[in-house]
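Presented below is the structure to which this report refers.
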Amino acid sequence: MKYRTMGKLGIQASAFGLGCMRFNGKASGDSTVDEQKAVSLIRRAIDGGVTYIDTAYVYLDRTSEIILGKALLDGYREKVTIATKVPPDLVNSREDLERILDEELRKLQTDHIDFYLMHAMNRQKWEHMKAIGACEFFDDMKRAGKIRYKCFSFHSSYEDFEYILNDWDWDMCQIQYNFMDISNQAGTKGLELAGSKGIPVVIMEGLLGGRLASAPDNVQALYDAFPVKRSAVEWAFRWLCNHPEVGVVLSGCNEPEQIDENLRIFDTVEAGIMSEEELKLMDSVREAYISRTKIGCTGCRYCMPCPNGVNIPGIFSAWNNWSLYNADPKSDWQFRMIRDKSNGADNCVSCAACEAACPQRLNIIESLQSAWSDLTNA
Ligand SMILES: NC(=O)c1ccc[n+]([C@@H]2O[C@H](COP(=O)([O-])OP(=O)(O)OC[C@H]3O[C@@H](n4cnc5c(N)ncnc54)[C@H](OP(=O)(O)O)[C@@H]3O)[C@@H](O)[C@H]2O)c1
């Protein structure tokens, strides 16, 4: 395992951090996590050299912290740093913050949390957290030794990221980043901004939740033609670790083989390790993925709200994901939500209000019908 220095904190962490958000159920269709298997996966990762474990209050129906707490008995707690998160949507006062932190410490069976994050932040959530006194609370808890570092995880625009990052003296930030997301969310600009301030960056969704683990034909052809043979997973992690600003790369693993493969990959990755040819390969891979894009919707939401409740940007995003990554729409949370809330394209009455508002001048009405047909028949 390679270990990397976490920016201004100066501490070392394993380049591969285990995410505890995606452990499988006992059987297909059963959402109850196979606890014994999850505990054994966590310990396998730690035995292999992982020192950074990520969870959150809300993961796995609020059971992820309990499972991690059990996995860290028998001397494992001392071998790792724990990152967990407070959900901004569930706190409205200092009392709420205190109650949730105490509950998390109990579930994790520990007296302190190393990295305590405000979860999935955007500007609106950040304003809310400031208004309820979360900054003072985090500082107080740091002084009391209940948390070691004050951090945030992020899912919004670069502008929001820059604003939040510059608005407080954060100890760490966690962003979604991978070779497809260079201009999405915080993106490369955000990574470099954090790096320039010495703020360590932890990466989530390095494989886009697993979608980059299996390459579609046109991408596989590029990997196959390259003189050095590596799996799609190895290319993705290697590309991430090539960035000196990247501290820990999180990955949620569901099988011992995935842990073992990731342990092997993170034995070899280092900043600045990729050659010009390898970087060009990854640019071509990105282009090959993008060539499968169904529609150039940028998710600006100028078309919303649709008078008939159609979730236009959500449908187009699910359509692109289906085409780009061969992803099954039934396992795409966005598509499932649209279908469950009846925000589908079957509500469209062709009023064309969306087309008048679209800055990309997309042929929305016709595309919605194609998207819905592809997604519902996939
Ligand atoms: N704070 C936030 O807002 C937030 C949001 C997202 C994630 N996170 C955290 O970040 C962690 C990492 O994100 P992520 O789970 O999305 O990471 P990821 O690495 O992008 O995706 C994990 C998935 O990739 C697949 N995978 C991993 N290793 C593999 C291998 N060697 N070979 C083949 N497939 C492999 C598995 O998919 P299959 O299950 O399909 O096999 C696994 O579930 C999460 O677990 C969570 O702790 C935080």
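Here the condition is being in contact (Cβ under 8 Å) with a residue 60 or more places away in the chain, surrounded by fewer than 17 Cβ atoms within 10 Å (Cβ to Cβ) and either touching a helix residue (DSSP H, G or I) at 6+ places or on another chain (Cβ under 8 Å) or over 22 Å from residue 201 (Cβ atoms) (or both); of 7, 49, 75, it holds for 49 alone.
A residue that is in a helix (DSSP H, G or I), assigned by TED's automatic domain parsing to the domain that holds residue 172 and of a type in the set (Lys, Arg) cannot be found anywhere in the stretch 81-90. Only one of the listed residues (193, 240) is buried (at least 16 other Cβ atoms within 10 Å of the Cβ), under 19 Å from the mean Cα position of the chain (by Cα), within 15 Å of the ligand (Cβ to nearest atom) and in the same structural domain as residue 55 (by TED's automatic domain parsing). That residue is 240. Restricting 180, 118 to residues that are within 14 Å of the ligand (Cβ to nearest atom), among the aliphatic types (A, V, I, L, M) and under 21 Å from residue 90 (Cβ atoms) narrows the list to 118. Please determine whether any residue of the stretch 178-190 is without any contact (Cβ under 8 Å) to a residue 60 or more places away in the chain, β-branched (Val, Ile, Thr) and out of contact with any helix residue (DSSP H, G or I) (no Cβ under 9 Å at 6 or more places or on another chain). For the stretch 178-190, residues without any contact (Cβ under 8 Å) to a residue 60 or more places away in the chain, β-branched (Val, Ile, Thr) and out of contact with any helix residue (DSSP H, G or I) (no Cβ under 9 Å at 6 or more places or on another chain): present.
Note on the stretch 265-281: among residues that are under 22 Å from the mean Cα position of the chain (by Cα) and within 16 Å of the ligand (Cβ to nearest atom), the one that is farthest from residue 5 (Cα to Cα) is 265. Note on the stretch 306-318: residues that are within 17 Å of residue 360 (Cα to Cα) and not in a loop (DSSP other than H, G, I, E, B) amount to 6. Exactly one residue among 68, 108 is buried (at least 17 other Cβ atoms within 10 Å of the Cβ), more than 24 Å from residue 263 (Cα to Cα) and within 16 Å of the ligand (Cβ to nearest atom), and that residue is 108. Can you pull out the residues in the stretch 244-264 that are surrounded by 19 or more Cβ atoms within 10 Å (Cβ to Cβ) and more than 9 Å from the ligand (Cβ to nearest atom)? Listed by number, the residues that qualify are 245, 246, 247, 248, 263. Does residue 213 count as modelled with pLDDT under 95, in contact with a helix residue (DSSP H, G or I) (Cβ under 8 Å, 6 or more places away or on another chain), among the small types (Gly, Ala, Ser) and within 16 Å of the ligand (Cβ to nearest atom)? Yes. Filtered by the rule that a residue be surrounded by 21 or more Cβ atoms within 10 Å (Cβ to Cβ) and either in a helix (DSSP H, G or I) or modelled with pLDDT of 95 or more (or both), the stretch 290-305 gives no residues. Checked against the criterion of being small (Gly, Ala, Ser) and without any contact (Cβ under 8 Å) to a residue 40 or more places away in the chain, the stretch 276-297 has no qualifying residue. Screening the candidates 224, 181 for the property of being in a loop (DSSP other than H, G, I, E, B) and either closer than 24 Å to residue 324 by Cα or at pLDDT 95 or above (or both) yields one hit, 181. Of everything listed in (1) closer than 19 Å to residue 238 by Cβ; (2) outside any helix (DSSP H, G or I); (3) not assigned by TED's automatic domain parsing to the domain that holds residue 235, the single unmet condition for residue 272 is (3). Among residues of the stretch 196-210 being among the β-branched types (Val, Ile, Thr) and within 15 Å of the ligand (Cβ to nearest atom), the one that is nearest to the chain's Cα centre (by Cα) is 203. If the condition is being surrounded by fewer than 19 Cβ atoms within 10 Å (Cβ to Cβ), of a type outside the set (A, V, I, L, M) and within 11 Å of the ligand (Cβ to nearest atom), then the stretch 10-46 contributes 22, 24.
Counting only helices (runs of 4 or more DSSP H) that sit wholly inside the stretch 331-378, those with at least 3 residues that are among the hydrophobic types (A, V, I, L, M, F, W, C) and out of contact with any helix residue (DSSP H, G or I) (no Cβ under 6 Å at 6 or more places or on another chain) are 353-357. Taken as a whole, the condition of being in contact with a Lys or Arg (Cβ under 6 Å, 6 or more places away or on another chain) and modelled with pLDDT of 95 or more does not apply to residue 190.
The values are calculated or read from the model by the stated rules, or taken from the named source; none is laboratory data. Note that the structure is a prediction, hence the values are computed from the model and not measured. Using ideal geometry, Cβ is built from the backbone for each residue, glycine included, and neighbour counts are taken over all protein chains shown.
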